[in-house]
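Here is the structure we will look at.
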Amino acid sequence: MKVELQDYPLTSTLIKLETGRVQLTLIEEPDWFLERLGREDNQGRLYLPYWTYLWESSVGLARHIEKMGERLKDAHILEIGCGFGLTGIVACQMGARVVFTDAEQEALRFAQHNADQNGVSQRANFVQMDWNTPCFNRKFPYILASDVIYEEPHWTPITALLQEYLAPKGVALFSEPNRSNATGFFDLLTDIGFIYRKSTSPATLDGHTFQVGIYSVRRAA
Ligand SMILES: C[S@@+](CC[C@H](N)C(=O)[O-])C[C@H]1O[C@@H](n2cnc3c(N)ncnc32)[C@H](O)[C@@H]1O
């Protein structure tokens, strides 16, 4: 997989974390591409492929996981809705092995390019997976999910994915920008036997600082 420069105007940004740095290639005109790539889903709803932006939630989750230290060394991680791949790349930098997934092949092209340019592609795999049609036959001790619960129709497939893929003592880490509807998703998770703890993580992106909600989710004992 290779990002074709003629397909997108590209820009580059350096994400500075507390301990590390990640160089990312991004799309220069994400608004224009979001509109161009928008389409109807199979239920007639407008589907916008939000991977064309880097979201502050991914910076917040990256900052959270860089504090996890040795726990991530050699851990097998599934990332869902990876977009440009920032959080998974930070996990790889900490010694984890990450399966980056996204419904969008183009997002995966960027994630792979970004993993390459940060020297972590030997710890990374890239799999096109829609969370409505999961495709693995194994469980993961960690699942990363940055800004994937913004629309309610996503909640049921994502909770099903957790039931299927989270190892018995595994941890799923969600991040989101404190949207008012997020509690509905975590209520749903609680109803089906998960527990969660919320914290916040500061994220600076494009000169603005945000407080990102971080949710650490496990199966109830
Ligand atoms: C708001 S973006 C977040 C991207 C990235 N995680 C971040 O925080 O910058 C949502 C991501 O979920 C992906 N996505 C949307 N619907 C999906 C689905 N049904 N299955 C898998 N991925 C999906 C999009 O392509 C996009 O990369």
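Computed from the coordinates by the stated procedures, all read-outs in this text should not be read as laboratory data. Computed from a prediction, not measured in an experiment: that's the story for all the values here. Counting neighbours? That spans all protein chains shown, and the Cβs are built from the backbone with ideal geometry, glycine included.
Within the straight-line cut-off of under 19 Å between alpha carbons, the lysines reachable from LYS139 are LYS73, LYS169, sequence neighbours fewer than 8 places apart in one chain being disregarded. The string of couplings for the stretch 36-51 from the Karplus curve (6.51, -1.76, 1.60, θ = phi - 60°) is 5, 8, x, 7, 7, 7, 6, 10, x, 8, 6, 10, 10, x, 5, 5 Hz, one whole number per residue in order, with x for Gly and Pro.
The charge dipole of the stretch 92-221, taken about the Cα centre with unit charges on the Cβ atoms of Lys, Arg (+1) and Asp, Glu (-1), comes to about 760 debye, rounded to the nearest 20. Ellipsoid semi-axes for the chain, based on the Cα gyration tensor and the rule √(5λ), read 24, 21, 17 Å when sorted largest first. Placing unit charges on the Cβ atoms of the charged side chains and taking the dipole of the stretch 85-197 about its Cα centre, the candidate lying farthest along the positive direction among ALA124, PHE185, HIS113 is ALA124.
Take the Cβ atoms of THR19 and SER199, set R0 to 25 Å, and the FRET efficiency comes out at 0.85. Each Lys and Arg adds +1 at its Cβ and each Asp and Glu adds -1 at its Cβ; summed about the Cα centre, the chain shows a dipole of about 1120 debye. Would the stretch 9-133 count as rounded, prolate or oblate if I go by the C-alpha gyration tensor, calling it rounded below 1.5 in a/c and otherwise prolate when a/b exceeds b/c, oblate otherwise? The shape class here is prolate.
About the centre of its Cα atoms, the stretch 179-221 shows a dipole size close to 180 debye [charges on the beta carbon of Lys, Arg (+1) and Asp, Glu (-1) only; nearest 20 debye].
Working note: Karplus 6.51/-1.76/1.60 with θ = phi - 60° gives the stretch 14-24 the couplings 10, 8, 9, 9, 5, 10, x, 9, 9, 8, 10 Hz, where Gly and Pro are set to x. Cα-based radius of gyration for the stretch 7-81, normalised by 2.2 N^0.38 Å, reads 1.41.
Select from LEU26, LEU46, LEU54 the residue whose mean-square fluctuation is largest in a Gaussian network model of the chain (Cα-Cα springs shorter than 10 Å). Comparing LEU26, LEU46, LEU54 in a Gaussian network model of the chain, the most mobile one is LEU46. Antiparallel DSSP bridges in the chain: what percent, to the nearest 5? So the antiparallel bridges in the chain amount to around 60 percent. For the options ARG123, ARG63, ARG39, a Gaussian network treatment of the chain with springs between C-alpha atoms closer than 10 Å singles out ARG39 as fluctuating the most.
Amide H contacts under 5 Å for LEU10: GLU28, restricted to partners 5 or more places along the chain or on a different chain, H placed in the peptide plane at 1.01 Å from N. Going from the fewest other Cβ atoms within 10 Å to the most, the residues GLU56, GLU106 appear in the order GLU106, GLU56. Phi angles across the stretch 127-143 convert, under the Karplus curve 6.51 cos²θ - 1.76 cosθ + 1.60 with θ = phi - 60°, into 3J(HN,Hα) values of 9, 6, 9, 7, 6, 7, 9, x, 10, 9, 10, 7, 10, 10, x, 9, 10 Hz, Gly and Pro given as x. GNM remark for the chain: springs join alpha carbons under 10 Å apart, and the peak mean-square fluctuation among TRP32, TRP155, TRP131 falls on TRP32.
Remark: spin-label model distance GLU35-TYR47 equals 2.2 nm, labels positioned 7 Å along the Cα→Cβ axis.
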